[in-house]
Amino acid sequence: MPGTSKNLAKPGHAQRTHNLDYGDSEIQNSLIHVPEVHDLGLTGEGVLVGMIDTGFDFRDRPVFEQLHVMAEHDFHWDDDTTANQDGDAMTQHNHGTTVLSIIGGFREGELIGPAYGASFALAKTEWVRESDLKVEEEHWIEAIEWLESLGADVVSSSLGYGTFVDAEDYSAEELDGNTAAITIAADIAAGKGVVVVNSAGNRDIYGTKINFPADGDSVIAVGAVDANGDLYSRSSMGPTADGRIKPDVVAMGQSVTALNPARDVEAYWTVTGTSASCPLVAGACALILQAHPDWGPMQVREALRQTADRATNPDNAFGWGLVDALRAVTYKSMSFDNLSVITLLDQQSEWIGIDIASQTGIADGSVALHIRMNGGDPFQVFPMSSLDDIRFSADVPLLAGELEVSFYIEAMDTLGVRHYGPLGAPTVLYQRESVIPEQPQIKNYPNPFNVQTTISFTIKERSAVKLSVYDLLGREVCILVNDILEPGVKQCNWDGRNASGKNLASGIYFLFFQQGNSTYCRKMILTR
């Protein structure tokens, strides 16, 4: 199904094709407007997410091929292996593996998690052989202390405790945010700068009531809805014992696409519960922190709450409502992302583009590019024109011969407040070299396309490049580029014609990029 894009200056959503193929996970992501944030270039990169769960079987699995695990620890066996080992039940790591795939998996056409670009630290604390033991709560506390010591920015926990088989239970009256040891630990972590996100529970402790540590006054408690936004029947509810509204927000928690943890085949299934909605919200928090690395836990929570769909009338079923990641990312600010510097092959100029999202809208004619060459030169100012709701661009003289090119972007919102990208500009500046990735990247937009698609690709070093289009039968229909090119990001267009200028039929075509001995391929869809 197609995704949606939000016009930030006006209510409502417009249809838009996104850059990634989410497969069956598009519903859970689109419901909280994650694809629009990914389109801005935000993936959680630079954010450390801590996971507390039953264990994690992530090695040598396609959906986790690009997962960056910084650290892992098993608090039961006191070692650094969080996948199953001797003494574990066969299903020990299943729950955690599933949850990890929801937030951090990446396999186009199957499953993409909101924070697939983040780094992760994994803590195994839950023991599935027994009903809840007191030691599991103790291990959870040790885990969040460990994660905080590693510098975790976000902690996602799809666990909760209240009753124990070997110790005195907590009472419903103790759901006050100040009594349970696990809740106190969660609030302490939040006080030290960790965004703590916890599932509200599945009505399995005190009837409909939320679980510990979801009662924490600094914990973001997450309830669950279905694909239509209706409350999942077992999503735990507030209020807390001291009368506070819980949960804080909700996300999709019914029939959520996730990795099937079985090893016999790489398969995907659906899971249900607040265990599934929690990692979606934690992923949204990672996206917010990538856009606003200076924000603390309370600012992240405020952004989530105040941009959710029930913010004006919160209740104890939905909290402040369904998360809107795009509005949360741009809450009280502008987001400057997805920077591109492209050499126009048919012109002696370069194209600089950036995505700007604003909660309050962008004032007409206010976006400007401030650019300087060779360090000490004064800034030259170029107006940037709007291509759509979020994309702004400017053409500047060819920069390839310059030794140093740096710049910043200025924009004003409709309230008259000026914003700058990058964070800290004009003291901190974008550097032209920084936008050229190490590995070649080939993109085309739009895709599918009808009249024309724009193709961009990167060259890290001077080399021979061939860019050609093939049909489904493997026939070369046209050559777009065949030349020796200088380093940089390049751009060309294809109008769906073959080498003879004849319009090709609707269908699937393949874009082949050859650089030296390396070949890369991208699928394009032409619709007439």
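Just so you know, all these numbers are worked out from the coordinates, no wet-lab data involved. As the structure is a prediction and not an experimental result, all values here were calculated from the model. Here the Cβ is made from the backbone with ideal geometry for all residues, glycine too, and neighbour counts use every protein chain on show.
If packing is taken as the mean number of other Cβ atoms within 10 Å per residue, what is the order of 139-149, 209-219, highest first?
209-219, 139-149
What's the magnitude of the charge dipole for the chain around its Cα centre, counting Lys and Arg as +1 and Asp and Glu as -1 at the beta-carbon? Answer in Debye, nearest 20. Show your work: numbers first, answer last.
Working: 36 positive and 71 negative charges, 499 e Å.
So the dipole magnitude of the chain works out to roughly 2400 debye.
Projecting each Cα onto the charge dipole of the chain (Lys/Arg +1, Asp/Glu -1 at the beta carbon, about the Cα centre), which of 121, 472, 18 comes out farthest on the positive side?
So the residue we want is 472.
Restricting to the range 203-275, what percent of DSSP beta bridges are antiparallel, rounded to 5?
50 percent
Which of the three applies to the range 152-237, rounded, prolate or oblate, going by the alpha-carbon gyration tensor with a ≥ b ≥ c and a/c under 1.5 meaning rounded? Please list the in-between numbers first.
Values: a/c = 2.12, a/b = 1.10, b/c = 1.92.
Since a/c reaches 1.5 but b/c is at least a/b, the shape of the range 152-237 is classed as oblate.
What list do you get for 521, 478 if you sort them by fewest beta carbons within 10 Å?
Taking fewest neighbouring Cβ atoms as first place, the list is 521, 478.
By its C-alpha gyration tensor, with a ≥ b ≥ c as the square roots of the eigenvalues, how is the range 18-152 shaped: rounded for a/c under 1.5, else prolate for a/b larger than b/c, else oblate?
prolate
In percent, what relative contact order does the chain have, based on Cα pairs under 8 Å that are 6 or more apart in sequence?
Worked out over the chain, it gives 11 percent.
How about residue 134: which lysines have a C-alpha closer than 24 Å to its C-alpha, ignoring those fewer than 8 places off in the same chain?
Filter leaves 124, 209.
Roughly what % antiparallel, to the nearest 5, for the DSSP beta bridges in the chain?
70 percent
Among [x] 78, 55, 41; [y] 75, 62, 46; [z] 130, 50, 48, which one is Cα extents along the principal axes in Å computed from these coordinates?
So the calculated entry is the one marked [x].
Could you list 232, 520 in order of exposure, starting from the residue whose Cβ has the fewest other Cβ atoms within 10 Å? Could the numbers behind the result be given before it?
On the way: 232 22, 520 15.
Ranking 232, 520 by Cβ neighbours within 10 Å, fewest first, gives 520, 232.
Sorted from fewest to most neighbouring beta carbons within 10 Å, what does the list 272, 240 look like?
Final ranking by Cβ density, sparse to dense: 272, 240.
Could you list, in their original order, any pairs among 466/523; 332/490; 332/460; 332/443 whose Cα atoms are separated by more than 25 Å?
Pairs exceeding 25 Å: 332/490; 332/460; 332/443.
Classify the range 276-319 as rounded, prolate or oblate, taking a ≥ b ≥ c as the square roots of the eigenvalues of its Cα gyration tensor: rounded when a/c is under 1.5, otherwise prolate if a/b is larger than b/c and oblate if not.
Taking the square roots of the gyration eigenvalues as a ≥ b ≥ c, the range 276-319 is oblate.
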